[in-house]
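Asks: Encoded as structure tokens, here's the structure I'll be asking about.
The values are calculated or read from the model by the stated rules, or taken from the named source; none is laboratory data. What you see is a predicted model, and the numbers here were worked out from it, not measured in a lab. Quick reminder, even Gly has a Cβ in these numbers, built from the backbone with ideal geometry, and neighbours come from all protein chains shown.
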Amino acid sequence: MNFDYTEEERALAEQARRLLADKSPPALIRSLLEGEGADRREALWTEISALGWPAVAIPESQGGIEFGHVALCALAEEIGRAVAPLPMLPSIYLAAEAIAAAGTQPQMQRWLPALASGEIIGTAFLTPGAITVRDGRLTGSVSPVPYGAEAGVAIISAADGLHLVDLTRPGVTRSALNTIDDSVPHAAITFDAVEAEPLGARNGSALGDHIVSRAAVLVAFEQLGGAEACLQMALAYVRERKTFARVIGSYQAIKHRLADIYVATEVARSNAYYAAWALATGAPELPLAAAAARIAATEAYEFASAECIQIHGGIGFTWEADCHLHYRRSRLLAQALGPMAQWHDRLADALDRREAA
Amino acid sequence: MDFDDTPEDAVFRAEVRAWLAKHAPRHAPPPGEADAEGFALLPLARQWQTAKAEAGYARIGWPVAYGGRGGSVIQEVIFDEEQRRFPLPPDAFGISLGMCITTLLNWAAPEVLERFVAPALRGEEIWCQLFSEPSAGSDLGNVRTRAVRDGDDWIVTGQKVWTTGAHVSDWGTILVRTDPGAEKYAGLSYFWFDMRSPGVEVRPIRQASGHAAFNEVFLTDVRIPDSQRLGEVGGGWKVAISTLLNERMSVNEADIANITIDDVVAMARKVAPDGRRPIDDAASRARLASLYVRSLGVRYSRYRMLTRLAQGEEPGPEAAMGKLVLGRNIQDMARFAMEMRGPAGIIVDRQGDPELTEMQEAWLYAAGLRIAGGTDEILRNTIAERVLGLPQETRLDRGIPFNQLSN
Ligand SMILES: Cc1cc2nc3c(=O)[nH]c(=O)nc-3n(C[C@H](O)[C@H](O)[C@H](O)COP(=O)(O)OP(=O)(O)OC[C@H]3O[C@@H](n4cnc5c(N)ncnc54)[C@H](O)[C@@H]3O)c2cc1C
């Protein structure tokens, strides 16, 4: 048993942390929220793509560098810590993972190298119900789609399963949306009889669940990194800020709140590590482990980001403070992969199945 | 991340499995009689402990010379995991071995260990820890029980309280004040002694749960030889602190309560009085999910800590988290379990519904768990100060001789 990152994974995370501190500062996130800085966001994507981040868990045979899924988790943690505006969730955790898990050989060859190099951004919309299929063509609207306007390829859930759509095909209309966190662009996409192909040879609802489980593990690491950033930010502040001639970090109400945030992040980290192991090894425990990681990380990040504002007092509620960047991102990620109730269902179903076996 | 056993650990696991399959079933407690607090089933617990000691499984990490097997922390976890699959009498030797004897191993002379470790390991002799007093709990340094030097002995007088297992113990470890004129933490010393010494009076205290696992211990002119001192005169605090560290280390769900999340899951899968399985109901699912992630969060945090120990790091204050989360979680698990039975959740029926009885016992016991060995609040202080580096609580007892403090 070794329940930790390896030296190599740690070194990658270290490198990522330094780069993001420099190239993805809070000021960039803030300008994106103000509707500026999209060019710097693109430049950041180009730079980290050149470093191979999107390719980390993609097989070498498909243009990846095959460093492994735990390494991707380590990167995700750093991305979350920096609230970095990168399309890793839609393009890699969802689209690339889905194609790698279920795509046909030609589908993999067509898309994975381009996703791995960052040249094409992928996205996905996995909530069924909005799209009808006739003669292999998709019609209907999906929204909100992360990086919907920028993406070149999408995995779309329709009544008869998952479809892979080249978004440059005729009949695709996209319109940008505003969200609670505009540092991550979203769009509505309308399909008007757009040519598409089924993802892989056979796929049913189980495939959608499988893909969402895999993505949930990676998102849990982003949430974990974000929660720890909030904890560190709050700790730094309470050591400096004084009231009644004492630093506020000496008040027990504040100390205990921070202890609770710490405990929540540790519970999240431990569940996330277990899920990382399940993801990397293809263990049958994945659905249960992913649901637990998802629930623990969502709770921890939302708790830490809300209490971070609280602990900062008035300054925490200003546009200039970084607290709201995490407050926004924590909610965005909480909503990203389906409502919490669905994760409770997944966890309960997985426990029920395990015990029945 | 690697969860698989190494080849050696896999061999060990197979060995343990085979041994448990052969021996554990013979030691199962009668249904409905498992007592979370440990001593009601003492004869059974002793037999099981002896069986483990003889096979070298009683304390896997201890040196072979003292009846351990010099095994790794990972092997200890493997044994725990495998043991958990069997109904067994509750461990009545956690304090004996995990605290008292562990402290002896770190501080006592080889002859002492020669004499005491083996009988304790087999469960033949039981030890208790006499730290707390009426005015010294969270504020343990406030101990007032007095020890006065008399030739080669110390004469000890005072009162201890909440001493778990004192009524069944042969030996005790005790924190006493040897110098009331010194500063609070500098005037303490640490001894081990015979619980049957003249002047020791043990009075069981009935707990909120109805059991009497802890006691008041009155000490009147009890003679303890100086040779039974551990650490320096005035160095007792250091010895006591090393013991408390062990306490936090040892925390896992199965060790501290009779119920685990698996029991709660099993109950949630059974048809409830309303004709439905709780696990199929949305509100129950949400509760189950939150209990599950906390429970497993602690289990895997322990694995992370063990990974660091295996890499040669020292146990840190991070371990305080385990008890903090589990105390509360066990309380919540038991509440949920009782509610799953509907109105009948309050009925105590040991024979008819042993599963529920265990939950009820755990629910009562959990209220004490959140106090014993460091309260929730003290653990939060520990995390805030020692893990997160925040300022210590304001204290009014610094730099003042103990006998001049106002409390
Ligand atoms: C089941 C059980 C078994 C036990 N077994 C043993 C045993 O075998 N040997 C032994 O020596 N002792 C034993 N104890 C005693 C136990 O260690 C003490 O009860 C515990 O440390 C709390 O001390 P106290 O009871 O004096 O409460 P107090 O210290 O008076 O605490 C009262 C309340 O004040 C809070 N509080 C105290 N100080 C602070 C602070 N600085 N900041 C915030 N809140 C604070 C506490 O959290 C608690 O809520 C046992 C207790 C129980 C319940």
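Asks: So, B:Gln129, is that one near the ligand (Cβ under 10 Å from one of its atoms) and in a strand (DSSP E or B) or not? Steps first, please.
Replies: Details: near the ligand (Cβ under 10 Å from one of its atoms): yes; in a strand (DSSP E or B): yes.
When the stated conditions are applied, B:Gln129 passes them.
Asks: Only helices (runs of 4 or more DSSP H) wholly contained in region A:247-357 count here; list those with 1 or more residues that are at the interface with another protein chain (Cβ under 9 Å from one of its Cβ atoms) and over 22 Å from the mean Cα position of the chain (by Cα). Spell out how you get there, then give the answer.
Replies: Working: elements: A:252-281, A:286-312, A:323-336, A:340-356.
It comes to A:252-281, A:340-356.
Asks: Also, I was wondering about something else. Has region B:137-151 got at least one residue that is within 14 Å of the ligand (Cβ to nearest atom), assigned to a strand (DSSP E or B) and crowded, with 23+ Cβ neighbours inside 10 Å?
Replies: First, the residues of region B:137-151 that are within 14 Å of the ligand (Cβ to nearest atom): B:137-145.
From what's left, assigned to a strand (DSSP E or B): none.
Taking every residue of region B:137-151 in turn, none turns out to be within 14 Å of the ligand (Cβ to nearest atom), assigned to a strand (DSSP E or B) and crowded, with 23+ Cβ neighbours inside 10 Å.
Asks: When you go through (1) surrounded by 24 or more Cβ atoms within 10 Å (Cβ to Cβ); (2) within 24 Å of A:Ala176 (Cβ to Cβ); (3) not charged (D, E, K, R) one by one for A:Ala114, which number turns out not to apply?
Replies: For A:Ala114, the exception is condition (1).
Asks: Among the numbered criteria (1) surrounded by fewer than 17 Cβ atoms within 10 Å (Cβ to Cβ); (2) part of a loop (DSSP other than H, G, I, E, B), which single criterion is violated by B:Pro90?
Replies: Going through the list (1) surrounded by fewer than 17 Cβ atoms within 10 Å (Cβ to Cβ); (2) part of a loop (DSSP other than H, G, I, E, B), B:Pro90 breaks only (1).
Asks: While we're here: Going by the conditions given, is A:Gly226 assigned to a helix (DSSP H, G or I), surrounded by 23 or more Cβ atoms within 10 Å (Cβ to Cβ) and more than 12 Å from chain B (Cβ to nearest Cβ)? Before you say what the answer is, go through the steps one by one.
Replies: Values: assigned to a helix (DSSP H, G or I): yes; surrounded by 23 or more Cβ atoms within 10 Å (Cβ to Cβ): yes; more than 12 Å from chain B (Cβ to nearest Cβ): yes.
Against the criterion (assigned to a helix (DSSP H, G or I), surrounded by 23 or more Cβ atoms within 10 Å (Cβ to Cβ) and more than 12 Å from chain B (Cβ to nearest Cβ)), A:Gly226 qualifies.
Asks: Would you point out which residue out of B:Ala212, B:Ala208 is touching a helix residue (DSSP H, G or I) at 6+ places or on another chain (Cβ under 7 Å), hydrophobic (A, V, I, L, M, F, W, C), assigned by TED's automatic domain parsing to the domain that holds B:Leu140 and surrounded by fewer than 17 Cβ atoms within 10 Å (Cβ to Cβ)?
Replies: B:Ala208
Asks: Additional query: Give me the residue from region B:291-317 that is among the small types (Gly, Ala, Ser) and in contact (Cβ under 8 Å) with a residue 24 or more places away in the chain and, out of that set, nearest to the other protein chains (Cβ to nearest Cβ). If you could, list the steps in order and put the result at the bottom.
Replies: Step one: filter region B:291-317 for residues among the small types (Gly, Ala, Ser), giving B:295, B:297, B:301, B:310, B:312, B:316.
Keeping just the survivors that are in contact (Cβ under 8 Å) with a residue 24 or more places away in the chain gives B:295, B:297, B:310, B:316.
On the way: B:Ser295: 9, B:Gly297: 3, B:Ala310: 8, B:Gly316: 12 Å.
This residue is B:Gly297.
Asks: Out of (1) part of a loop (DSSP other than H, G, I, E, B); (2) at positive phi, the odd one out for A:Ile180 is which?
Replies: Answer for A:Ile180: the failing condition is (2).
Asks: Now for a separate question. Considering region B:166-205 alone, what residues qualify as being assigned to a loop (DSSP other than H, G, I, E, B), under 15 Å from B:Ala147 (Cα atoms) and touching a helix residue (DSSP H, G or I) at 6+ places or on another chain (Cβ under 8 Å)?
Replies: B:Thr178, B:Asp179, B:Pro180, B:Gly181, B:Ala182, B:Gly187
Asks: Filter region B:72-102 down to the residues that are out of contact with any helix residue (DSSP H, G or I) (no Cβ under 7 Å at 6 or more places or on another chain) and modelled with pLDDT of 90 or more and list them by number.
Replies: B:Ile95, B:Cys100
Asks: Can you go through A:Ala283, A:Ala259, A:Ala306 and tell me which one is surrounded by fewer than 19 Cβ atoms within 10 Å (Cβ to Cβ) and free of Cβ contacts under 8 Å to residues at least 12 places away in the same chain?
Replies: Values: A:Ala259 fails: surrounded by fewer than 19 Cβ atoms within 10 Å (Cβ to Cβ); A:Ala306 fails: free of Cβ contacts under 8 Å to residues at least 12 places away in the same chain.
Answer to the check: A:Ala283.
Asks: Mind listing whichever residues of region A:118-171 are hydroxyl-bearing (Ser, Thr, Tyr) and within 18 Å of A:Ala101 (Cβ to Cβ)? Lay out the reasoning, then the answer.
Replies: So the first thing to find is which residues in region A:118-171 are hydroxyl-bearing (Ser, Thr, Tyr), and the list is A:123, A:127, A:132, A:139, A:141, A:143, A:147, A:157, A:168.
Once the filter is applied, which keeps residues that are hydroxyl-bearing (Ser, Thr, Tyr) and within 18 Å of A:Ala101 (Cβ to Cβ), region A:118-171 yields A:Thr123, A:Ser157.
Asks: Search region B:360-407 for residues being assigned to a loop (DSSP other than H, G, I, E, B) and near the ligand (Cβ under 8 Å from one of its atoms), and hand back the single one that is nearest to the other protein chains (Cβ to nearest Cβ). Please lay out each step first, then the result.
Replies: To start, the set of residues in region B:360-407 that are assigned to a loop (DSSP other than H, G, I, E, B) comprises B:370-375, B:388-400, B:405-407.
Next, only the ones that are near the ligand (Cβ under 8 Å from one of its atoms) stay: B:371-375, B:393.
Details: B:Ile371: 16, B:Ala372: 19, B:Gly373: 17, B:Gly374: 13, B:Thr375: 12, B:Glu393: 7 Å.
Only one residue fits best here, namely B:Glu393.
Asks: Would you tally the residues in region A:135-165 being part of a strand (DSSP E or B) and either within 19 Å of A:Ile180 (Cα to Cα) or not aliphatic (A, V, I, L, M) (or both)?
Replies: Of the residues in region A:135-165, the ones part of a strand (DSSP E or B) are A:137-146, A:153-158, A:161-165.
Still in the list and also either within 19 Å of A:Ile180 (Cα to Cα) or not aliphatic (A, V, I, L, M) (or both): A:137, A:139-146, A:157, A:161, A:163.
Here the count works out to 12.
Asks: Within the set of pairs 6 or more residues apart or between chains, which connect a residue that is farther than 16 Å from B:Ala212 by Cβ inside region B:355-372 to a residue that is near the ligand (Cβ under 8 Å from one of its atoms) and part of a helix (DSSP H, G or I) with Cβ atoms less than 7 Å apart?
Replies: Filtered contacts from region B:355-372: B:Arg370/B:Asp376.
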